[in-house]
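A short worksheet on the structure shown next.
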Amino acid sequence: MNYRHAFHAGNFADVVKHALFCRLVRYLQRKDGAIRIYDTHAGPGLYDLAGEAATRTMEHAAGISALASAGERIREHPLFRDYWSIVAAEFSERRYPGSPLIARQLLRPQDRLSAYELHPEDAAQLKALFAGDPAVKAIALDGWLALGAHVPPKEKRGLVLVDPPFEKPGEVDDIGDALEKALARWRGGVFAVWYPVKRAAMVEALKERLRALAPGDLVVAEFLREPPTPAETLVGSGLAVVNPPYVFAEEAEAILSLLAPVLGRGNRATTTVKEWPGKAS
């Protein structure tokens, strides 16, 4: 309950995560049928980059602000166009949209969003943001409970974004247990799990758990802006996707390669996309 994403909004990890997330949504929308998007740890939905929290850390300077200063070749690239068009509108007002607001902007008339947030203040802001919007359910509930009870959706097709704060030791078990329940109820859903690259042991434990849950149906896209440090600071992030679209690995490689010179520290950024089964690239 102590974690507040407002201190980190728009940082390099957000840019990577949300750019990849947009591609997952757009792939599912290639068919006309409705989809449901679930956001298990939604936050308030919109962040003030000029506010006290964001200005205290200034993490967005090496993230969305760096992307905004990059050349149009990247921002107008077909793989970035949806993400940038959504983010740019808010960035011009010194705001950054969280994943639920990005998801809402991507919805077609037939699609729906279910956004969950447990923190009382953030949940209240989330509800206010989407008040009166029939396409969105903003729910003050633990996202882990939602994965066990609210899937599958009536739309039958969709995507779950799992983006926990990773502030407690049992987070890997929480993710694994929740996904195991969700996959038992909705084997065909697409599940995207974000994680920070700080502690190597945690990252490997998470990957092992996901490989056990979805052998042969997993893509992991990882971006490191610099090599890991003994201090276990945040040097990168990953997005592990269960039941990924067949084009996701290829698109993720292209996106991460384009972002490396923009978000990396010096020339030290590295990117990895791995498929199971498959080989690293």
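Odds and ends about this structure:
- Among residues that are crowded, with 22+ Cβ neighbours inside 10 Å, acidic (Asp, Glu) and out of contact with any helix residue (DSSP H, G or I) (no Cβ under 6 Å at 6 or more places or on another chain), Asp163 is included.
- If you filter region 12-43 down to residues that are touching an Asp or Glu at 6+ places or on another chain (Cβ under 7 Å), open to solvent by 10 Å² or more (accessible area, probe 1.4 Å) and assigned to a loop (DSSP other than H, G, I, E, B), you find that the one that is nearest to Phe91 (Cα to Cα) is His41.
- Flag for Asp133 being modelled with pLDDT under 95 and either among the small types (Gly, Ala, Ser) or farther than 14 Å from Val25 by Cβ (or both): no
Table: residues versus (1) small (Gly, Ala, Ser); (2) surrounded by 14 or more Cβ atoms within 10 Å (Cβ to Cβ); (3) touching a Gly at 6+ places or on another chain (Cβ under 6 Å).
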position	(1), (2), (3)
Ala212	yes, no, no
Pro227	no, no, no
Pro230	no, no, no
Pro244	no, yes, no
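- Of the residues making up region 67-96, those that are under 19 Å from the mean Cα position of the chain (by Cα), closer than 26 Å to Glu250 by Cα and open to solvent by less than 50 Å² (accessible area, probe 1.4 Å) are Leu67, Arg75, Leu79, Phe80, Asp82, Tyr83, Trp84, Ile86, Val87, Ala88.
- Every condition in (1) open to solvent by 60 Å² or more (accessible area, probe 1.4 Å); (2) under 16 Å from Cys22 (Cα atoms); (3) in contact with a strand residue (DSSP E or B) (Cβ under 9 Å, 6 or more places away or on another chain) is met by Ser99 except one, and the failing one is (1).
- If you go through region 109-131 and keep only what is acidic (Asp, Glu) and touching an Asp or Glu at 6+ places or on another chain (Cβ under 8 Å), you end up with just Asp111.
The values are calculated or read from the model by the stated rules, or taken from the named source; none is laboratory data. None of these values were measured; they are calculated from a predicted model. When we count neighbours, we look across all protein chains shown, and the Cβ atoms used for this are built from the backbone with ideal geometry, even at glycine. Protein only, heavy atoms only, side chains kept; ligands, DNA and RNA dropped before computing areas. Shrake-Rupley method; radii C 1.70, N 1.55, O 1.52, S 1.80 Å.
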